[in-house]
1. Can you give the Rg to Rh ratio for the stretch 14-60, taking only C-alpha atoms and Rh from Kirkwood?
2. So how compact is the chain: Cα radius of gyration and Dmax in angstrom?
3. Express the relative contact order of the chain as a whole percentage, based on alpha carbon pairs under 8 Å and six or more residues apart in sequence.
4. At what distance in nm do the modelled label points of R165 and K270 sit from each other, each positioned 7 Å from its Cα along Cα→Cβ?
5. When the helix-only estimate is applied to the chain (DSSP H runs of n ≥ 4, each -39,500 (n - 2.57), divided by the residue count), what is the mean residue ellipticity at 222 nm, nearest 500 deg cm²/dmol?
6. Under a Cβ-Cβ cut-off of 14 Å, what is the net charge of the residues other than I53 that fall near it, where Lys and Arg count +1 and Asp and Glu count -1?
7. About the Cα centre, and with charges only on the beta carbon of Lys, Arg (+1) and Asp, Glu (-1), how big is the dipole of the stretch 126-174? Nearest 20 debye, please.
8. Enumerate the residues in the stretch 55-89 having an amide nitrogen under 17 Å from the point lying 7 Å beyond the Cα of V23 toward its Cβ.
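Only the coordinates and a few stated rules stand behind these numbers; no lab work does. If you're wondering where the values come from, they're calculated on a predicted model, not measured in any experiment. Here the Cβ positions follow ideal geometry from the backbone for every residue, glycine too, while neighbour counts run over all protein chains shown.
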Amino acid sequence: MFFGDEEALRPLIAAEPRLKNAVVEHCAKSVAMTDKPMHVLRRGRDTSMWKAIEAQKEGRVHAVVSGGNTGALMAVSRMQLGMLPGVDRPAVTALWPTPRGRTVVLDVGANVEANEHELVDFAIMGEAFFRALTGTKKPTVGLLNVGAEELKGHELIRNAARVLREADPDMAFKGFVEGNDISLGAVDVVVTDGFTGNIALKSAEGAARLVGGWIKEELTRSLLSKIGALMMTGGLKNLKAKIDPSSVNGGVFLGVNGIVVKSHGGADEKGVAAAISMAAGLVGKGFRKEVAQTIAIVHERAGKALEAAE
């Protein structure tokens, strides 16, 4: 189901035979990238973004994928779908290519700051999300820190680690991980605040583009290098696929009571397809119920431990 300008969408849909049964809900207005979330909440109820989230709230669609304004999408999702029981703040995920496959990193932009309780919630949500996404029964989880030693980092992150160890013994919590551990795939789920996570994500994207540019430059530098590149065609295609951002496009809004996936605004058709595939793969997995149940248990255990300490 598509939400947007029907006149613009129809020719695009007609060009793709697999979309012959697609439904279009015409929306004359859209949310601009410059629109402030509060403005959209107040005056954007006739936009395509609002209507798409509204359709999920009403049960007409099971998930929503959007490449629009991230802040507005988050605000509209929270207002219409609400939050999962026990969750105060949502978190945005990112998939990271590693030698072992994929690592999930969260939060990568929803919250500039996160306290110890929110980091614990992010860890629980990330664990359930990774299990739903990959089928891994016991995903490993780590907190991003400036060092792997237990005494490293500020008190907030050390407290979060303590709660995860004591109040969630069922989690495969591996303690602290460093920035380089993300790309190495040291754990399945890396937890951090949105400020740090977003910087790490943008740094990785920039590094991938830099390396990709260097490889292309060297392989086209001379006739001999071009001949070498021709001989390595298969390997180069595999390398390109591994570092292609489109293959891991799509950030899930964990914590909201629905399935909302944010696609990169500049994603190509492969990237958009990856985001849609991710959204479809999460439907019916029940990970939101798992998150709510686990958070309730962990919060209760942590509360009792705090009372006993006092």
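1. Result for the stretch 14-60 is an Rg/Rh of 1.08.
2. Values for the chain (Cα only, Rg and Dmax): 21.2, 74 Å.
3. Contact order relative to length: 22 percent.
4. 4.3 nm
5. Details: 12 runs with 159 residues, N = 310.
Helix contribution divided over all residues of the chain: -16500 deg cm²/dmol.
6. +2
7. 180 debye
8. 55-65
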